[in-house]
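Colleague: Here's a structure for you.
The values are calculated or read from the model by the stated rules, or taken from the named source; none is laboratory data. Computed from a predicted model, the values in this text were never measured in an experiment. All Cβ positions, glycine included, derive from the backbone under ideal geometry; neighbour counts span all protein chains shown.
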Amino acid sequence: MSASLRLAFLALALLSASTARADGLASGFQAHYYSYELIGLDALSGRVLVAYPVLCDYRTGEPLAAEVADAEGELPALVDYEIVRPGRRHRAAYHCRESRLYVVDVTGLKVEPTAPLPGEGEGERDGLHIAAIDALGADGRSKFFRADPRVRDTGFVLERDSVVPSGDPLRSFHDVLELARVGEEFRVHGLQVTYTYRDGTREILAYVDGLRPQPAGKGNLPPDPSFIPEPESLPPPVDTADENFAGGPPALPGSDESPAWLWPLVVALLVIAGLVGVRLGRRRASAGSQ
């Protein structure tokens, strides 16, 4: 690649970086937040339904292998899977390239409430976990869900939060899914979806031939009593207990405004790239005439 092209690409990369916002989205875009719940879990009998992975590195989309120190100084691995419970709304996986639903035979395994993380009080975390799976570590869990005979893949891939242009009226969408046993296998299919718009109105539609119908663009039902309007300027806090999930994924490092020095640098790089290109062109022309 020529020097002029390299300089031009560098200028464009700096310009692209300058448009990143504090919420990790480029200027001019917003998110559609996804959630889901399951019915039919009584068919499991000695098994649990697990979403994996649900916590991933935003740079790679792979399960996050970070650790957090608790009050006693121990280092328990962050739980990167989630046991699906009846009657609960579950959020989309954070930053994961793909999150699937698995049925896990827990015969001989202890399923217990998740302990609070540092700074949390008792009862703030009402999830479940399996200590034996926690102890496998990130790499071990990946192998466990991929190849352990106690695990059955339902084949169902969960939706992710999506990014759309700013001004889109849709705020979030929520699926009601059903687990069904087919012989020795388990399958998950959609029943209905609730679209929630930014004005709080809702639209509830049944799945058609196994497919989620598209939103009409405007709700025909009043806001849910728990609906919390979005503030005019500041982004809402992350709150996975909120039925409408106003907060969404945690913010990524970034800034709403470009640094003052960035634009002059971009312009200078583009000018230099142009001058280098002209000079190289003259050299080639001169060499060709000799």
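Colleague: Taking the range 35-50 on its own, how many of its residues are of a type in the set (Phe, Trp, Tyr) and either farther than 20 Å from Val79 by Cβ or not in a strand (DSSP E or B) (or both)?
Modeller: From the range 35-50, those of a type in the set (Phe, Trp, Tyr) are 36; that's our starting set.
In the following step, the residues that additionally are either farther than 20 Å from Val79 by Cβ or not in a strand (DSSP E or B) (or both) were identified as none.
Of the residues in the range 35-50, 0 are of a type in the set (Phe, Trp, Tyr) and either farther than 20 Å from Val79 by Cβ or not in a strand (DSSP E or B) (or both).
Colleague: Could you tell me which of the residues Ala147, Ala131 is exposed (fewer than 12 other Cβ atoms within 10 Å of the Cβ), aliphatic (A, V, I, L, M), out of contact with any helix residue (DSSP H, G or I) (no Cβ under 6 Å at 6 or more places or on another chain) and modelled with pLDDT of 95 or more?
Modeller: Values: Ala131 fails: modelled with pLDDT of 95 or more.
None of the other options fit; the residue is Ala147.
Colleague: Just need a number here: residues in the range 179-231 that are of a type in the set (Gly, Ala, Ser), outside any strand (DSSP E or B) and closer than 20 Å to Gly40 by Cβ.
Modeller: Filtering the range 179-231 for residues of a type in the set (Gly, Ala, Ser) gives 180, 183, 190, 200, 206, 210, 216-217, 219, 226.
Then drop every residue that is not outside any strand (DSSP E or B), which leaves 183, 200, 210, 216-217, 219, 226.
Now drop any that are not closer than 20 Å to Gly40 by Cβ, which leaves 183, 210.
Qualifying residue count for the region: 2.
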